[in-house]
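The values are calculated or read from the model by the stated rules, or taken from the named source; none is laboratory data. Everything numeric in this text was worked out from a predicted model, so none of it was measured. In this analysis, Cβ positions are derived from the backbone assuming ideal geometry, glycine residues included, and neighbour counts consider all displayed protein chains.
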Amino acid sequence: MDNRLPTHLWVSAHIRAADAEGVAMTVMRKGDPSRGTVILKLNRLDRTFMVLVQAREGDGERLFWSRGTGPDPVPEADADAYIARQLRYDPDVWVIEVEDRKGRHWFEGPVR
């Protein structure tokens, strides 16, 4: 049995936590409210971006973030193109933009 929170509640909790620390987080696209995968578009506020994609390993309980656009920051057009390709494969995806100069993603799980 899967005891994870529905995606919409999980995302809302993280948005509130980031907001309390003065970090803007915006839902750019709502996916499936219960089970949608999350894509994070990290805006470093220096005209560079990174895209992280939610993934799970092993028993499905260990969350990590895959570097969708690679290890280095990219221009916004490249980040948006990557996200558009992912939406063609999975229309239930959530897209969250995080504006953080430090490039923090604010969700649990390591970046790989």
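One table, with the values for the structure above:
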{"item": "Members of segment 62-92 found to be closer than 16 Å to ARG112 by Cα and either over 14 Å from the mean Cα position of the chain (by Cα) or not small (Gly, Ala, Ser) (or both), listed by number", "result": "ARG62, LEU63, PHE64, TRP65, ARG67, THR69, GLY70, PRO71, ASP72, PRO73"}
{"item": "Checking MET28 against (1) in contact with a strand residue (DSSP E or B) (Cβ under 6 Å, 6 or more places away or on another chain); (2) at pLDDT below 95; (3) not aromatic (Phe, Trp, Tyr), the condition it does not meet", "result": "(2)"}
{"item": "Selection count where residues are under 21 Å from GLU99 (Cβ atoms), of a type in the set (Lys, Arg) and assigned to a strand (DSSP E or B), scope segment 30-82", "result": "2"}
{"item": "Residues located in segment 1-29, provided they are outside any strand (DSSP E or B) and surrounded by 15 or more Cβ atoms within 10 Å (Cβ to Cβ)", "result": "THR7, HIS8, TRP10, VAL11, HIS14, ILE15, ALA18, VAL23"}
{"item": "Residue tally, condition touching a Ser or Thr at 6+ places or on another chain (Cβ under 8 Å) and acidic (Asp, Glu), over segment 36-75", "result": "0"}
{"item": "Residue count, segment 75-108 (criterion: surrounded by fewer than 17 Cβ atoms within 10 Å (Cβ to Cβ), closer than 21 Å to PRO33 by Cα, among the charged types (D, E, K, R) and in contact (Cβ under 8 Å) with a residue 60 or more places away in the chain)", "result": "1"}
{"item": "Candidates ASP72, ASP59 - the one that is at pLDDT 95 or above and surrounded by fewer than 16 Cβ atoms within 10 Å (Cβ to Cβ)", "result": "ASP72"}
{"item": "Segment 83-112: number of residues that are touching a strand residue (DSSP E or B) at 6+ places or on another chain (Cβ under 9 Å) and not in a loop (DSSP other than H, G, I, E, B)", "result": "10"}
{"item": "Residue check for LEU42: in contact (Cβ under 8 Å) with a residue 24 or more places away in the chain, touching a Lys or Arg at 6+ places or on another chain (Cβ under 7 Å) and under 19 Å from ALA13 (Cα atoms)", "result": "no"}
